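Chemist: First, the structure itself, so that you have it in front of you.
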């Protein structure tokens, strides 16, 4: 954005940036990325400028003017699609066939997103040991230790995870794993892109291609607010870095036309397995 796609970042003269340059950059980041991502990039930029100043390459006044940028404010008004109870039922219908590893994995992944509102990267980092099956507690590891939280899953969600563990087994390792085309579980960690792709297939089978995991997270936050939880409680449960981010969802929660769902009353419907003549479920990748 500063010097063009062919520029070498190492050779960019960062110390020559002035306020018009950084203000323009902030505007472009705001337009291109979610607020959290834009603010993270701006934080890194400030660090680079601070280093330039500390090395005597930039005057204090130039540093102050260039680095004094407002945070990009998150907004709950960013386009989100309503996640209704009917849509949730369709998403469960969109999971692969019940009784197969892929079907159990898809349902487990979906129920975790619906009941915790976690991010894709957080889902990818989950380990089998992060789930306490006795108490139904799921330990979600945030980007930083202070963003870690423990969420108690409702009974229906716990049954879905039990079905996945019955197939996966209790071996240590990633909680959510790839399943190959032959239906075999591969015990390696998935990337957040792989999780994105799997949810895309679930949504496509449900006839809801436009629904994203971000929509599920927003609906989860709104549901928590509507249930009467305080801003501090919601901030903890969803891993927001700032209470301000959580507070921006209040207006959306007050809009009763924005449909939502109750995580404690999920319409879990998993398609019944197709069986061969021997009664063995046919696998689906």
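Since every read-out is calculated from the coordinates, none of them should be taken as a lab result. Keep in mind it's a predicted model, so treat the numbers as computed, not measured. Cβ atoms come from the backbone with ideal geometry, glycine included; neighbour counts cover every protein chain shown.
Chemist: Calculate the FRET efficiency for residue 188 and residue 86 from the Cβ-Cβ distance with a Förster distance of 35 Å, rounded to the nearest 0.05. Write down the numbers at each step before the final one.
Modeler: Working: r = 35 Å, r/R0 = 1.01.
Calculated transfer efficiency: 0.50.
Chemist: Find how many whole Å separate the alpha carbon centroid of the range 227-255 from the alpha carbon centroid of the range 34-48.
Modeler: Using only Cα atoms to place each centre, the spacing works out to 22 Å.
Chemist: Any idea what angle helix 35-54 forms with the longest principal axis of the chain, computed on alpha-carbon atoms, 0 to 90 degrees, nearest 10?
Modeler: Taking the Cα atoms of the chain, the angle to 35-54 is about 40 degrees.
Chemist: Still on this model: Using only the Cα atoms of the range 9-67, build the gyration tensor, take square roots of its eigenvalues as a ≥ b ≥ c, and label the shape rounded, prolate or oblate: rounded if a/c is under 1.5, else prolate if a/b is larger than b/c, else oblate. If you can, show how the numbers build up before the last one.
Modeler: On the way: a/c = 2.04, a/b = 1.84, b/c = 1.11.
Cα axes put the range 9-67 in the prolate bin.
Chemist: Here's another thing I want to ask about it. Given a 10 angstrom Cα cut-off, can you work out which residue in 254, 28, 143 is the most mobile in a GNM of the chain?
Modeler: For the chain, modelled as a Gaussian network with Cα springs under 10 Å, the answer is 28.
Chemist: Just checking my list [x] 23.5; [y] 25.6; [z] 18.2 against mean projected area of the Cα convex hull in nm² computed from this structure; which label fits?
Modeler: Among [x] 23.5; [y] 25.6; [z] 18.2, the one derived from this structure is [z].
Chemist: If r is the Cβ-Cβ distance from residue 71 to residue 264 and R0 is 30 Å, what FRET efficiency results, to the nearest 0.05? Working shown, then result.
Modeler: Values: r = 34 Å, r/R0 = 1.14.
Taking R0 as 30 Å, the efficiency between residue 71 and residue 264 is 0.30.
Chemist: Angle check, please: helix 155-168 long axis (alpha carbons) against the longest principal axis of the chain (alpha carbons), in degrees 0 to 90, nearest 10.
Modeler: Between the helix axis and the principal axis of the chain, the angle is about 80 degrees.
Chemist: A further question on this structure: Of 266, 216, 57, which has the largest mean-square fluctuation in a 10 Å C-alpha GNM of the chain?
Modeler: Judging by the Gaussian network model, the answer is 57.
Chemist: Would you mind checking the tilt of helix 213-226 against the longest principal axis of the Cα atoms of the chain, expressed as 0 to 90 degrees and rounded to 10?
Modeler: 90
Chemist: Which residue, 188, 81, 141, tops the fluctuation ranking in a GNM of the chain built on C-alpha contacts under 10 Å?
Modeler: Comparing 188, 81, 141 in the GNM, the peak value goes to 188.
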